[in-house]
Amino acid sequence: MKVGYDLVKEQLFFRQELKERVFWFIHLRWIGAGTAIAITWAAYLGGQSLPILPLNIALVFILFYNTIFLYIGKRLEAFRPREVRPFTVFAHTQISLDLLCLYTLIYFTGGVYSPLLIFVIFHIILAGILLPPLSCYLYGALVIAALGGLVVLQDTGILPLKPVLFQIHLLHYRYGSSGISIPYLTFAAAILISAFLITSVKVSLRTKARSLLDVSHELDLINTKLTALYEMVKEMGSHSDLKGLMDSATRYATRIMGVKGCSIKLLNEDKRTLRFASVYGLSRDYTSKESIDIEKSPINLRIIQGSPYSISHIDEKDYFQYPEDILKEGIASMLCFPLRAEEDSTGILCVYSDKTYRFDEEDTKFFSLMTDLTAMAIENLQSSLARSWFTKKAVHQIRSPLNAIRSMLKTVIGGYVGGLNEKQKELLIRTDRRAELLGNLISDILRFDHDIKAIKRIKFLGLNPSMILKQVVQLYQSEAIEKGIEFKTEIEEIGNTMIGNQELLDEIFSNLVSNAVKYTPRDGLVRINLSMKGENHILFEISDTGIGISQEDIPRLFTEFFRADNAKAIEENGTGLGLIIVKEVVDRLGGSIDVESKIGEGTRFTCILPLSPPLRLYPKG
């Protein structure tokens, strides 16, 4: 269906072509009229018998109205640039005046014998390019009729014959001869054939151009949808609670599909009823039912069993458990897909429109992709929450007996239950040290879980990144001096221009500076730079001459509990959670982080952070 967008874009495309040709026509007229004036004077001074005054009046008149055309063209371009009709009328005016002046020049340079007669065809070609095909044929008929009238007027003596410029005959006949019809018809055929060829080529090119515009429109729509889908997936991935994720999904689905509303219905534990887990764009009355009995709603039953369902026109024959609610809500059509976790359906994602026959095949395919991505996001978050719960439960269960073990070890090591020889004491001390590392790991895991949740709900305020970084550098300066590590800092004074959170920014700076000092050997170098990047971002870079990271390990650097082998060799105590917290914080602030490293040469971390996080990252409420 040709919607307003297509028509406007097509009109602008062809108007631009018309405007360019109209101005090109004006520039060409300067050259043509100026050259004609020079030729007439050269011929006159060379002894040709020419009516120099009428010819020059006609040519000067051409230059005069061309000046007016130039002024009018600029006014049209400035005040009515988006309208096609004024430029079309402008083109008609130019061609009509040109033909009038051209026939005047033809008459004064020999009439039907004039070599200027050939230029009539050029105007037919221009009319075919600039104007609709019918206009081109009308101009063709006009010039044929004008030539016939000129022949009759000169043949009858009403118009006297004028000197023939250069004595060149375009049509070889004598007035009064019966052979006049053949050259006249030949000229007429040339005009009509030219009109036919140019309009045929133009129509073909216009058809292809319209096809390209249609393709361009489709690509624009696809790009818009995919961009919105990417933002949808990105926002869903930023949620750590299931309700927030599903609310993002329904909100984005409504906007992307351009519909009235969207809902996610999840199966209850009994697998026999559905509940509204998230709704966008629908009234509270519609979603107030505690549950939907699948057995009483054949459509929901069919969807849960794995079949997508598209209803283009809801009427009485479509059976719902609460049909009166659908009519009251003003829903005319809907599209529903099952939310599938592996082989089983866990719920239904539906979009609702207040228009009948709203969803076509392309809508269905795209919504299917959206549903699959939503189902994957829900499943991943549910798995993550389950793992988090299990981890927290497990470490809490381990912590108490571990503390008891350490307490007993200290009692034995202290000699309160009897003496120990040196070997026994050394073994127990090493055991206690291992137990201490395990206790630290448990503490880090619990802190990590707390930090990730805190990152999600943190609030944004104005802050000074330069001051925060200077405080972090000062904190680790003494440790660097003890190891003989040189600190080189270039910290630009940015001021209180950043909207963020001091704890989050401190987390980034502290983790990266701490790692640089920790994994750089004695007499090494750590460079720290902070500066503006453009007008809306800050650039934080930290590089060292430390142990480096292998290319194989870099992709795993921001995963939980990962530590490279060379890092373990230097520092046995560690959980591998610091960098994943950094990555979470950078994502929370809407920034990016990159790593460059070579084994034995050092590592460079580059963080780019916006001065103000995107609106979608601000805490709700």
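The values are calculated or read from the model by the stated rules, or taken from the named source; none is laboratory data. Just so it is clear, the structure is predicted and the values come from calculations on it, not from any experiment. A quick note on method: Cβ atoms are made from the backbone with ideal geometry, for glycine too, and the neighbour counts reach across all protein chains shown. Surface areas here come from the heavy atoms of the whole protein model, side chains and all, with no ligands, DNA or RNA. Shrake-Rupley method; radii C 1.70, N 1.55, O 1.52, S 1.80 Å.
Of the strands (runs of 3 or more DSSP E) lying entirely inside the range 490-552, those containing at least 2 residues that are touching a strand residue (DSSP E or B) at 6+ places or on another chain (Cβ under 7 Å), aliphatic (A, V, I, L, M) and buried (at least 20 other Cβ atoms within 10 Å of the Cβ) are 525-533, 537-544. Among the residues of this structure, Leu557 does not count as one that is modelled with pLDDT under 90 and open to solvent by 40 Å² or more (accessible area, probe 1.4 Å). Considering every residue within the range 539-549, establish whether at least one is at pLDDT below 75, among the aliphatic types (A, V, I, L, M) and in the same structural domain as Phe605 (by TED's automatic domain parsing). Within the range 539-549, none of the residues are at pLDDT below 75, among the aliphatic types (A, V, I, L, M) and in the same structural domain as Phe605 (by TED's automatic domain parsing).
Per the listing Ser216, Ser248, the residue uniquely more than 23 Å from Arg340 (Cβ to Cβ), in a helix (DSSP H, G or I) and either open to solvent by 50 Å² or more (accessible area, probe 1.4 Å) or not β-branched (Val, Ile, Thr) (or both) is Ser216.
Each row is one residue, and each column tells you yes or no for (1) among the β-branched types (Val, Ile, Thr); (2) closer than 30 Å to Ile581 by Cβ; (3) at pLDDT 80 or above.
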{"position": "Leu381", "(1), (2), (3)": "no, yes, no"}
{"position": "Ile398", "(1), (2), (3)": "yes, yes, no"}
{"position": "Lys423", "(1), (2), (3)": "no, no, yes"}
{"position": "Leu427", "(1), (2), (3)": "no, no, yes"}
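The set of residues in the range 313-341 being part of a loop (DSSP other than H, G, I, E, B), out of contact with any Phe, Trp or Tyr (no Cβ under 7 Å at 6 or more places or on another chain) and modelled with pLDDT of 70 or more consists of Ile314, Gly330, Ala332.
Table: residues versus (1) in a helix (DSSP H, G or I); (2) in the same structural domain as Asp587 (by TED's automatic domain parsing); (3) surrounded by 15 or more Cβ atoms within 10 Å (Cβ to Cβ); (4) out of contact with any His (no Cβ under 9 Å at 6 or more places or on another chain).
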residue	(1), (2), (3), (4)
Leu197	yes, no, no, yes
Thr254	yes, no, yes, yes
Lys265	no, no, yes, yes
Phe276	no, no, yes, yes
Val279	no, no, yes, yes
Leu282	no, no, yes, yes
Asp285	yes, no, no, yes
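Does Leu213 meet the test of being farther than 16 Å from Met376 by Cβ and touching an Asp or Glu at 6+ places or on another chain (Cβ under 6 Å)? Yes: the conditions hold for Leu213.
Taking the range 468-489 as the range and being of a type in the set (Gly, Ala, Ser), open to solvent by 20 Å² or more (accessible area, probe 1.4 Å) and in a helix (DSSP H, G or I) as the test, only Ser478 passes. Please verify whether the range 200-221 includes one or more residues that are closer than 20 Å to Leu105 by Cα and modelled with pLDDT of 80 or more. Looking for residues that are closer than 20 Å to Leu105 by Cα and modelled with pLDDT of 80 or more, one finds none in the range 200-221, hence no.
Candidates Glu535, Glu571: the one that is acidic (Asp, Glu) and at pLDDT below 80 is Glu571. Scanning the range 345-359 for residues that are modelled with pLDDT under 80 and open to solvent by 70 Å² or more (accessible area, probe 1.4 Å) turns up just one, Tyr357. So which residues in the range 66-118 are free of Cβ contacts under 8 Å to residues at least 60 places away in the same chain, open to solvent by less than 40 Å² (accessible area, probe 1.4 Å) and either touching a His at 6+ places or on another chain (Cβ under 8 Å) or under 16 Å from His27 (Cα atoms) (or both), if there are any at all? Once the filter is applied, which keeps residues that are free of Cβ contacts under 8 Å to residues at least 60 places away in the same chain, open to solvent by less than 40 Å² (accessible area, probe 1.4 Å) and either touching a His at 6+ places or on another chain (Cβ under 8 Å) or under 16 Å from His27 (Cα atoms) (or both), the range 66-118 yields Asn66, Phe69, Gly73, Ile95, Leu99, Leu102, Tyr113. Scanning the range 219-243 for residues that are open to solvent by less than 50 Å² (accessible area, probe 1.4 Å) and under 13 Å from Tyr280 (Cβ atoms) turns up just one, Met232. From Ile508, Ile494, grab the single residue that is at pLDDT 85 or above and under 19 Å from Gly590 (Cα atoms). From the options Ile508, Ile494, the qualifying one is Ile508.
Filter the range 475-493 down to the residues that are without any contact (Cβ under 8 Å) to a residue 24 or more places away in the chain and β-branched (Val, Ile, Thr) and list them by number. The one that is without any contact (Cβ under 8 Å) to a residue 24 or more places away in the chain and β-branched (Val, Ile, Thr): Ile481.
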